[in-house]
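Just below is one structure, and these are the notes that go with it.
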Amino acid sequence: MRLAVLGSTGSIGCNTLDVAARHPHHIEVCALSAHSRMDQLITQCLQWKPRWAVVTDPAKAGEVARQLKTPGCPTEVLAGPQALCDVAGHADVDAVMAAVVGAAGLPSCLEAARNGKRLLLANKEALVVGGAVFMQAVREGGATLIPIDSEHSAIFQCLPQDRQTWSQRVDHIILTASGGPFRQSDPDSLEAVTPEQACAHPTWVMGRKISVDSATMMNKALEVIEARWLFDLEPHRIRAVIHPQSIVHSMVVCRDQSVLAQLGTPDMRVPIAYGLAWPERMESGALALDWTSIKALTFEQADERRFPGLFLSWQALAGPLGSTAVLNAANEVAVEQFLAGRIGFMDIYRLNAQALERIEPRLGPDAGLYDLLDLDQRARAQVRQWADLHVV
Ligand code: NAD
Ligand code: MG
């Protein structure tokens, strides 16, 4: 299988290469990509010798090309965001790992979908922004869409293979959430949280953006929206519950109230290996669950005062077309501003809620990719302005 790893220098990208290295006869890495940390991309290219390296920031491409001009390195360096799409849809690529962070991953995901690829989707923002447009491209392009987000991989593993019968057999699904580092914090103390505290996740090691999203539970909000499209379920059939041990990765409650769950150590290599091997299984490198050390598996409701962001997902899903794209854009800007030390932790929620309330999507029923990207840009500009003026 010829695999393009988009976002190869990130947390998911590196885990994907770790799994791929265990299966050299099955997986050929033909493309890598990065937006920053060029040293890491160069090291990866020298190790994997892919056909293409995509540098999405064009200003950095020349230097990467110069450094890769060594005997025995066949890699061609492609520059700019369009090159991600060119690679994702290329006839010589069989599978695409979509591990770019944020809405920047949407165009290449769509291109892979339209060209019928096996699409391993880690980039949840693409689905939150793209929604129905994205799922239509998957259907029309004949792509095989396999979720990589651990909760959605869990649901996918519990559901029957026959997609047509999902909706009839399932009563609802339950996405589990770790609750992040502030699960037990006094809600009033959250105003003073620093980026370092927010990025210190108790059970998962992840990129900074998703780590902040886990701390606010906006990650779960995005995942509720992701599940709505992936599994074609009405929003009221999607629930979220806190499970601090991160061992039950999610659950399907069937019509007869039988509950199916997928369990394992919290290690993204498990859903990645499942995506690469599906419908088979392959070794992932993850440790086995140690049943002797698990004291308890506990579940609790998310407190609305501590995690108000979680509840914005159902609000956005009930809103006009494009509301989830507005929520995602607001959240990306708010997290970026928080990580830069410009706004407080709880301002992330305030900006997101304000964006949902005040920014009208104004999309027609036939809205396509460019309308969604326009809306994304409009929402970002507005939220950036609010953050600059401290209007939160
Ligand atoms: P990360 O920040 O560690 O890595 C992101 C990658 O995307 C890097 O290679 C970076 O160079 C590239 N990138 C950043 N901005 C870009 C841009 N504008 N254009 C093109 N490329 C760009 O992120 P991550 O934690 O690996 O997450 C990647 C995606 O997977 C996110 O959508 C996240 O929500 C999702 N996800 C991650 C995890 C996890 O455990 N890390 C779990 C589930 C889902
Ligand atoms: Mg997840």
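All of F311, F307, F299 fail the test of being buried (at least 20 other Cβ atoms within 10 Å of the Cβ) and either assigned by TED's automatic domain parsing to the domain that holds V224 or not basic (K, R) (or both), apart from F307.
Pairing residues of segment 175-190 that are in the same structural domain as K220 (by TED's automatic domain parsing) and closer than 12 Å to A302 by Cβ with residues that are part of a helix (DSSP H, G or I) and more than 13 Å from ligand 2 (Cβ to nearest atom), at Cβ distances under 7 Å and at least 6 apart in sequence or on separate chains, gives G180/A215; F182/L190; F182/A215. The set of residues from segment 2-12 being at negative phi and either surrounded by fewer than 21 Cβ atoms within 10 Å (Cβ to Cβ) or within 16 Å of ligand 2 (Cβ to nearest atom) (or both) comprises R2, G10, S11, I12. Inside segment 143-166, residues that are more than 16 Å from ligand 1 (Cβ to nearest atom) and within 14 Å of V96 (Cβ to Cβ) make up a count of 2.
Report, by residue number, each residue of segment 356-392 that is in contact with a Ser or Thr (Cβ under 8 Å, 6 or more places away or on another chain) and not aliphatic (A, V, I, L, M).
Selection gives P361 alone.
Okay, residues lined up against (1) crowded, with 18+ Cβ neighbours inside 10 Å; (2) in the same structural domain as C109 (by TED's automatic domain parsing); (3) farther than 24 Å from A132 by Cβ:
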{"site": "A330", "(1), (2), (3)": "yes, no, no"}
{"site": "I343", "(1), (2), (3)": "yes, no, yes"}
{"site": "E360", "(1), (2), (3)": "no, no, no"}
{"site": "D374", "(1), (2), (3)": "no, no, no"}
{"site": "Q385", "(1), (2), (3)": "no, no, yes"}
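Taken over segment 198-220, the criterion of being within 12 Å of ligand 1 (Cβ to nearest atom) and in a helix (DSSP H, G or I) is satisfied by C199, R208, K209, I210, S211, V212, D213, S214, M218, N219, K220.
To keep it simple, each residue is scored yes or no on (1) closer than 17 Å to V96 by Cβ; (2) touching a residue at least 40 places away in the same chain (Cβ under 8 Å).
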site	(1), (2)
S8	yes, yes
S11	no, yes
A21	no, no
I27	yes, yes
R37	no, no
Q40	no, no
T43	no, no
A53	yes, no
G62	no, no
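Exactly one residue out of M217, M206, M282, M268 is out of contact with any Ser or Thr (no Cβ under 9 Å at 6 or more places or on another chain) and within 12 Å of ligand 2 (Cβ to nearest atom): that is M217. Within segment 1-38, which residues are within 23 Å of Q82 (Cα to Cα), among the basic types (K, R) and more than 8 Å from ligand 1 (Cβ to nearest atom)? Matches in segment 1-38: R2 only. With respect to (1) over 19 Å from Q161 (Cα atoms); (2) in contact with a Leu (Cβ under 9 Å, 6 or more places away or on another chain); (3) surrounded by fewer than 20 Cβ atoms within 10 Å (Cβ to Cβ), the lone exception for T292 is condition (2). Residue pairs whose Cβ atoms lie under 6 Å apart, separated by 6 or more positions or on different chains, with the first residue in segment 139-153 and farther than 10 Å from N115 by Cα and the second away from ligand 2 (no atom under 16 Å from the Cβ), are T144/R118; L145/L119; L145/V138; I146/W278.
Take the conditions (1) touching an Asp or Glu at 6+ places or on another chain (Cβ under 8 Å); (2) not assigned by TED's automatic domain parsing to the domain that holds D86; C158 misses just one of them, which is (1). No other residue among V259, V212, V253 is at negative phi, within 19 Å of the chain's Cα centre (by Cα) and not assigned by TED's automatic domain parsing to the domain that holds G102 apart from V212. Picking from residues in segment 123-180 that are within 15 Å of the chain's Cα centre (by Cα) and part of a strand (DSSP E or B), the one that is farthest from ligand 2 (Cβ to nearest atom) is L145. Restricting attention to segment 80-106, the residues that are within 18 Å of the chain's Cα centre (by Cα) and within 14 Å of R118 (Cβ to Cβ) add up to 5.
The values are calculated or read from the model by the stated rules, or taken from the named source; none is laboratory data. Note that this is a predicted model, so its numbers are computed, not measured. Glycine gets a Cβ as well: all are built from the backbone with ideal geometry, and neighbour counts include every protein chain shown.
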